[in-house]
Amino acid sequence: MTKPKSPAPQNITSMLQEERLFPPPAEFAKRAHVKSMGQYKKLYRESIEDSEGFWGRQANAELVWIKPWKEVLRWKAPNAKWFLGGQLNVAANCLDRHLNTPTANKAALIWEGEPAAPGQMGEERVLTYQQLHREVCMFANVLKRNGVGKGDRVIIYLPMVPEAAIAMLACARIGAVHSVVFGGFSAQSVADRIFDCQAKLVITADGGYRRGSIVPLKKSVDEALVLKDATGALLAKTIEKVIVLRRASNDIHITEGRDVWWHRELEYVDANCPAAKMDSEAPLFILYTSGSTGKPKGILHTTGGYLLGAKMTTKYVFDIQETDVYWCTADIGWVTGHSYVVYGPLANGATSLMYEGAPNHPEPDRFWRIIAKYGVTILYTAPTAIRAFMKWGVEWPKKHNLSSLRLLGSVGEPINPEAWMWYHEVIGGGRCPIVDTWWQTETGGIMITPLPGATPTKPGTATLPFFGIVPEVVDDQGNPVPKNSGGKLIIRKPWPSMLRGIWGDPERFKQTYWSEVQGAYFTGDGCRQDKDGYFWIVGRIDDVLNVAGHRIGTAEVESALVSNQKVAEAAVVGRPDELKGQALVAFVTLKTGIKPSHAIRDELRAHVAKEIGPVAKPDDIRFAEALPKTRSGKIMRRVLKQVAAGVEVKGDTTTLEDFSVIAKLVAAED
Ligand code: WT7
C-alpha cells in the first residue's frame with residue numbers, strides 16, 4: 001500500500017471564494033432544535049471542552065438504558081469504549097420506547113414498491129410503530145427458531161422492502177450482528193462476506209424489482225453458497241439456514257433443510273420477544289466497504305455509541321419534528337440506509353419513507369410523484385442523483401407539487417455548486433435549506449454539516465463540525481495547514497459512533513486509520529478550510545474512487561480483472577465524470593497472443609460484474625501493450641489518470657521505465 005500524499009492543489013480556489021451565503025430561513029430560526037449560530041457555538045464549545053460531560057448527558061437524555069452506564073469513555077488510541085457498564089437494546093430504543101406514547105400509532109415506515117405504470121403510483125404499505133414492533137418481534141423469534149443467538153452473524157441480502165428494516169431490527173433485538181450486503185453485489189461478494197464474518201444465516205428474497213426488471217437475489221445466494229476458495233474449500237460453509245422472503249414471485253430453487261420461507265416461518269411464532277440486554281460495546285453490525293487493497297473491510301459498529309450518534313444527528317441535522325415525513329433515498333445496503341433510513345429516524349419516532357426502486361421508473365418523475373403523494377417534508381439524497389435529475393430536465397419536477405418540502409440534504413460526494421443551486425431552486429423552491437453532510441461508513445453518523453436553523457450555507461461546502469467532532473486539515477507531517485491550503489482531513493477526538501475496528505483485522509484497522517497522524521483518525525479525504533472555517537471536501541486521496549456516490553477500491557476492480565484468464569495486467573483509475581462524479585477507467589494488458597476486441601471488452605465488464613457487482617463495472621476499458629511503470633516496477637497511476645482524463649501528461653516522468661508506453665497509450669485512446 002502506498003502512503004497517500006496530500007492532494008495536489010485543485011481548481012477549488014474559486015469555490016473557496018464563494019460569496020453566495022444562504023442564511024437559515026426565519027421559520028427555522030424560530031423552531032429548529034438549534035436556532036442560531038450562537039446556540040450552535042455554545043453547544044459545540046461545551047461538547048469539546050467537556051466532551052465526556054456532554055456525551056454523558058446526551059446518552060442519558062436520548063437513549064433508554066436497561067442498565068445505566070458507569071464510565072463515558074475509555075480511550076486508548078485506536079480503541080474506544082463508550083458508556084461502559086451500560087446495557088441497552090437498539091430495537092427497544094427504536095420501537096418499544098414509543099409504544100406507550102402517541103407515537104405508537106404513527107407511521108414508522110411508509111413504503112412504496114417500484115412496479116408502476118407511467119403516470120401511476122406503486123404498491124404502498126404503511127407500518128405504524130406498533131405494527132413494526134410486532135413484525136420485528138415475530139421475525140426475531142423466527143431467527144431464534146432457526147438457531148440464531150447473541151453474537152451470531154447474519155447476512156441480509158434483500159431489496160428495499162420493509163422486511164429489510166424488520167430483519168435488521170430483529171437481529172438487533174436478539175443481539176445478533178447483521179451484515180447487510182447491497183442487492184447490487186454479486187454472488188462472489190456475498191460469499192466473500194459470509195466467509196469473512198463467518199455468518200450463520202442468510203436472509204434474502206426470491207427477487208427484487210429494479211428499473212422494471214427482477215434482480216434474482218435468491219439465485220445469487222444459491223451460487224454464493226457453493227463457491228470455493230483457491231484451495232477448493234467452500235467459502236460459505238458456516239451457513240446453516242437461508243430465510244427467503246417472497247417479493248417478486250420469480251421461480252427459485254428451494255434446498256430442503258436449508259432454505260425456509262419467511263411467511264411460512266411466521267406461522268410457528270408469536271409476537272412475544274423480549275429485547276436482549278446488550279452491553280453498550282456489543283457489536284451491532286458489520287458493513288463492508290472498499291479500501292485501497294483488493295479486500296473489502298468489515299467496518300464494525302457497536303451498540304450505545306452508534307445509536308447515540310445516529311439519533312442525535314438525525315434530530316439536529318434534519319431538524320426532525322413531530323409532523324415530518326422524512327425520506328432518505330439511500331439503499332439499506334449502504335451505511336446511509338442504516339443510520340438514516342432505519343436507526344436514526346426510528347429512534348426519534350419519526351416517519352421514514354422507503355422506496356424500492358429506481359428514480360426513473362417508470363418515468364423520470366418518480367421521486368417527485370412520491371413526494372407529492374406522501375407530503376414528504378425532508379428529502380436526503382446524493383449529488384449524483386441530483387445531476388441525473390438536472391439532465392432529465394426541469395419538466396419532470398415541475399409537473400408535481402413539491403411544496404411540502406422544507407429541508408433538503410445531500411450526501412456521498414462533494415456537491416458541485418451548480419447542482420446545489422439547482423437542488424435549492426428547482427426542488428426546494430428557493431425556501432428549503434440544504435444540509436450537505438460529510439461522513440463515512442466508518443464514522444457511523446454525520447460529522448461535518450450545517451444545522452438548518454443555525455448555519456449559513458454556501459453551495460459546495462459541508463460547512464462546520466457536528467457536536468463533539470474535531471476535524472482538522474493537516475500536511476504530510478501532521479501539522480495544521482493555513483486557511484485555504486489543501487491537506488488531509490483528520491479527526492482529533494474520539495466520538496461515540498466511530499468504528500470500533502475492522503472485523504478480524506486489528507492490524508489493518510491501525511494501519512489504515514491511525515498511522516497517518518499520531519493519535520488521530522485519518523479519513524482518506526483531502527480538504528481545505530476557507531476563511532470562515534468552513535470545510536470543503538476535495539475527495540479521496542487514497543486509491544478509493546467515489547463513483548455515483550459509491551465507494552469503489554481500484555485494487556478490488558484490478559484484482560477482479562486479472563482473475564480473468566485473458567488478462568495479464570490491469571490498472572484502474574478514476575476520471576472526472578459529469579454525472580457520476582468519477583468514472584472507472586481500466587487499462588488492461590492482455591496475455592500474449594490475445595487480441596483486443598469489443599467482445600473481450602464486454603466479457604471483461606461482465607466479469608467484473610460477476611466478481612464484484614454491476615456497480616464496479618469499468619465505464620471504459622482501454623487495451624494497452626504495456627502499462628507505464630517506474631524502474632522498480634510500480635504502475636504510475638498519476639500518468640494513467642492524466643491519460644484517462646484526456647489531458648496532457650505532465651509532471652515528473654523521469655522515473656518512467658519506458659517512455660514509449662505513454663505515447664502508445666495516448667495514441668490508442670480512440
Ligand atoms: C466518502 C465516504 C457517508 C455516507 C455515504 C458514503 C465522500 C461523503 C460527502 C460530502 C464530500 C463526501 C468522502 C467520504 N463523501 N459525503 N457531503 N461531501 N464528500 O459513505 O461509502 O463510506 O464514503 O464519501 O470521500 O470519505 P462511504
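The values are calculated or read from the model by the stated rules, or taken from the named source; none is laboratory data. Here the structure is a predicted model, which means the values were calculated and not measured. Backbone-built Cβ (ideal geometry, glycine too); neighbour counts: all protein chains shown. These area figures cover heavy atoms from the full protein model, side chains too; ligands, DNA and RNA do not enter into them. Shrake-Rupley method; radii C 1.70, N 1.55, O 1.52, S 1.80 Å.
Helical runs (DSSP H, four residues minimum) scored at -39500 (n - 2.57) apiece and divided by the length of the chain put the mean residue ellipticity at 222 nm at -8000 deg cm²/dmol.
For the chain, the solvent-accessible area of protein heavy atoms averages 38 Å² per residue (probe radius 1.4 Å; ligands and nucleic acids excluded). Can you give the accessible area of Arg145 in Å² (nearest 10), computed on protein heavy atoms with a 1.4 Å probe? Ignoring ligands and nucleic acids, Arg145 comes out at about 120 Å².
Remark: accessible surface ordering of Arg638, Arg211, Arg622, Arg366 (largest first) is Arg211, Arg638, Arg622, Arg366, probe radius 1.4 Å. For Lys398, the lysines whose Cα comes closer than 17 Å to its Cα, not counting residues fewer than 8 places off in the same chain, are Lys373. The relative contact order of segment 566-669 comes to 26 percent, based on Cα pairs under 8 Å that sit 6 or more residues apart.
Annotation note: trypsin sites (Lys or Arg not before Pro) in segment 499-553 located in DSSP loop regions with a Cβ neighbour count of at most 16 within 10 Å are Lys531. Dimensions of segment 502-625 along the principal axes, based on C-alpha atoms and rounded to the nearest Å, stand at 56, 37, 25, largest first. When each of the peptides 292-298, 147-153, 252-258 is scored by the mean number of other C-beta atoms lying within 10 Å of its residues, the order from highest to lowest reads 292-298, 147-153, 252-258.
The heavy atoms of Tyr268 offer some 140 square angstrom of accessible surface to a 1.4 angstrom probe. Accessible area of Thr231 (1.4 Å probe, protein heavy atoms only, ligands and nucleic acids ignored): about 120 Å². Which log10 I(q)/I(0) values does the chain give at q = 0.08, 0.09, 0.12 Å⁻¹ under the Debye formula, counting every alpha carbon as one identical point scatterer? Debye output, listed in q order: -0.59, -0.76, -1.43. Across Met37, Met121, the residue with the most accessible area heads the list, and the full order at a 1.4 Å probe is Met121, Met37.
So in the chain, what percent of DSSP beta bridges are antiparallel if you round to the nearest 5? Antiparallel bridges make up about 60 percent of those DSSP assigns within the chain. PRE reach from Lys591 (point 7 Å along Cα→Cβ): which of segment 545-569 fall under 15 Å by backbone N? Counting backbone N atoms under 15 Å from the label point, the list is 561-569. In percent, rounded to a whole number, the relative contact order of the chain is 14, using alpha-carbon pairs under 8 Å and six or more apart. Here segment 566-669 has 53 percent of its accessible surface on carbon and sulfur atoms, given a 1.4 Å probe and all protein chains in place.
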